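Here, each number is a calculation from the coordinates, and none is a lab measurement. If you're wondering where the values come from, they're calculated on a predicted model, not measured in any experiment. All Cβ positions, even for glycine, are placed from backbone atoms using ideal geometry, and neighbour counts span all protein chains on display.
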Amino acid sequence: MDVNEKFSGMKKGLLEFLLLQIIAAEKVYVADILKQLSETEFATQEGTLYPLLSRIRREGLVDYEWKESGAGPPRKYYQLTDKGRDQLRETLKYWDRINGTVKKLGQNNTKPLS
Amino acid sequence: MNKVITINLDGTAYQLEEGGYDLLHTYLETAAARLQNNPDRDEILSDIERAIAEKFRALLGNNKTVVVTKEVTAVISEMGPIEGDPAQASESASAPPGGEERTAAAGGAPRRLYKIHEGAMVSGVCNGIAVYFNIDPTWVRLGFVLLTMLWGAGALAYIVMAIVVPSARSPEEKAAASGSPFTAQEFIRRAKQGYYDATKGFPDAQARREWQRQFKRDMRANAYHWQRHWYGFWAGGAAGHPGAGFTLPFLSLLQGAATILLLCVLISLLSTHTILGLALPPRFPVWAAALMVFFAYGILSAPLKLARRSCYWSFGHPNPAGGIVFLLDALIWIAVTGTLIWLAIHFFPDLREAVHTLPSVAHQAADDIRDWWKSSSR
């Protein structure tokens, strides 16, 4: 089985985490988010992103405001709320712990991996 | 040469080739269906429309005013399929795939009880309950009718609920009522009737409301016809104009007798724990027997009641005011039953005795029920 396919479920779960990361850095609108993700293995489409954004907004992690764009109608720009910031901090800590665990458990392996 | 359809996305008109329009229409309908249980459905859909509009805008220029089918296909594949919320989907991971959407609704938004007017027969209470429990409204209606036959409790509960339970008006409320097929239907109906299509549909809200009013009028006329047929059927040929006069007192007497029988059985049940000498099965609770007696009475007297009402019906109420008929019926019933009871108490000493001991019997029964409850809950 392809590694990509195998971890698709894990990637889906991580997407929310990454979304918080991206939004934490600067106020963004959906096309920005898609562009940033498109260069990674987390490339995503609008069809996935909108429902996800609306859910984390409902959970109070992000917020949006309408901003005029140069051309065309106004756009929704997303930003992190305090709650979102807290959650991101915690998730980052948790991520570090997991990372540590993965590496530590690997060290007990006497045989090198191929 | 291709036909062009004008659509309205996010407040701006776009011209699409017909094939492209069909594709977009299907895409949006699928999206609406997948987001059926999402509380933010409308917002997500308008986000998606906006995103599509933005992509179309990028395609069009001064000399290009129509989005061709190939471009619509490209835009849709760029958008990607609308996914149900990943987190909600994982909450219901243990559920079978088919049930996923419904469970997602249970996890996402709490269900609430609303009256639902679409397809309602009276005020939508039964409909709302049916949607809440995800069952056929006919069963709920039957349940209410049965309860009404027994003690009139159904009618009372219905009236209270009709007043207390709020109506589902907005799409959000309708979604909250069920996570519901109604909303999907409503959405598809809107889509079909030109929600996305600037050239079709009702010209304005006024026309839509007028259409709804007309629909309700038609439904009411139907219900009235149905009712008349029903009573006509029970009245039968013999109980036509001349016959009804003779049948009615007879029917009233019969029903009065049934009521007295009910009282006798109840008294015997409470005082001797037998049904007129017929012993209950061992350890069979008295209250259950009483319930069954009421139930049997309801079933027995329902046709009598209907037959009597149909007599009033054939009594020269070609266009009867239903309320008066029922009031009259109730009054006559009370009078007949009262007279019969009075006569029975006067002429049958046993019955008089029983009535006199009724308070203490009721006391006893209450104690029995309490004991039974205690012993069974231990």
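Computed quantities for the displayed model
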item	result
Residue-averaged beta-carbon neighbours from other chains (10 angstrom radius) around B:76-82	4
Least to most buried among B:GLU83, A:GLU59 (fewest other Cβ within 10 Å first)	A:GLU59, B:GLU83
Net charge dipole size for chain A [Lys, Arg +1 and Asp, Glu -1 on Cβ; Debye, nearest 20]	400 debye
Proxy reagent accessibility, fewest Cβ within 10 Å first, across B:ILE129, B:ILE76	B:ILE76, B:ILE129
Rounded tilt (10° steps) of A:46-58 against the dominant C-alpha axis of chain A	80 degrees
Rough spin-label spacing in nm, given labels placed 7 Å along Cα→Cβ, for B:ALA279 and B:ALA330	4.3 nm
Exposure proxy ranking, count of Cβ atoms within 10 Å, fewest first, for A:ARG85, B:ARG50	A:ARG85, B:ARG50
Simple label model, 7 Å out from Cα along Cβ direction - A:GLU68 to B:ASP367, nm	8.7 nm
Positive-end extreme of charge dipole, segment A:41-114 - chosen from A:LEU52, A:LEU80, A:ASN99 (charges on Cβ)	A:ASN99
Full-extension gain in nm, B:SER375 to B:LEU60, via 0.36 nm per residue minus C-alpha separation	105.4 nm
Global geometry of segment A:17-107, whether rounded, prolate or oblate, following the gyration tensor of its Cα atoms and the 1.5 cut on a/c	prolate
Sites A:ALA25 and B:LYS3, calculated FRET efficiency, Cβ-Cβ separation with R0 45 Å, nearest 0.05	0.45
Net lengthening on full extension, A:LEU105/A:THR91 (0.36 nm per residue, minus Cα-Cα)	3.0 nm
Dipole magnitude of segment A:47-111 about its Cα centre (Cβ charges: Lys, Arg +1; Asp, Glu -1), debye to nearest 20	380 debye
